[in-house]
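A.B. asks: Just passing along the structure, written as structure tokens.
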Amino acid sequence: MEPIVVCPQCKNEKTVTNAFIAQSNQNIIYECEQCHFSKRNIETRKG
Ligand SMILES: [Zn+2]
């Protein structure tokens, strides 16, 4: 099972695969398509 990421702003849940955008400089950005919140290195929890 994939880990789930919860948006801290709207509590929308997404799988890690769908939630994270890997940048070319190896930063990982979380982006919520629901509220357009974005954050680097957000915490994950096991689903
Ligand atoms: Zn959100």
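Coordinate-derived values only; no laboratory data. Predicted model, so just to flag it, every value in this text is computed and none were measured. In this analysis, Cβ positions are derived from the backbone assuming ideal geometry, glycine residues included, and neighbour counts consider all displayed protein chains.
A.B. asks: Whole number please: convex hull volume per residue of the Cα set in the chain, in Å³?
C.D. replies: 70
A.B. asks: Also, quick follow-up: Modelling each spin label as a point 7 Å along the Cα-to-Cβ direction, I'd like the ILE28/CYS10 distance in nm, to one decimal.
C.D. replies: A separation of 2.2 nm, rounded to one decimal place.
A.B. asks: In debye to the nearest 20, how big a dipole does the chain give about its Cα centre with +1 on each Lys and Arg Cβ and -1 on each Asp and Glu Cβ?
C.D. replies: Charge dipole of the chain: 140 debye, to the nearest 20.
A.B. asks: Could you pull out every residue, at least 5 positions away or on a different chain, whose amide H is within less than 5 Å of the one on ILE4? Hs are placed 1.01 Å off N in the peptide plane, and Pro or chain starts have none.
C.D. replies: It is ARG45, GLY47, by chain and number.
A.B. asks: Given only helices, namely DSSP H runs of n ≥ 4 each adding -39500 (n - 2.57), what is the per-residue ellipticity at 222 nm of the chain, to the nearest 500 deg cm²/dmol?
C.D. replies: Details: 1 runs with 4 residues, N = 47.
-1000 deg cm²/dmol, from helical runs alone.
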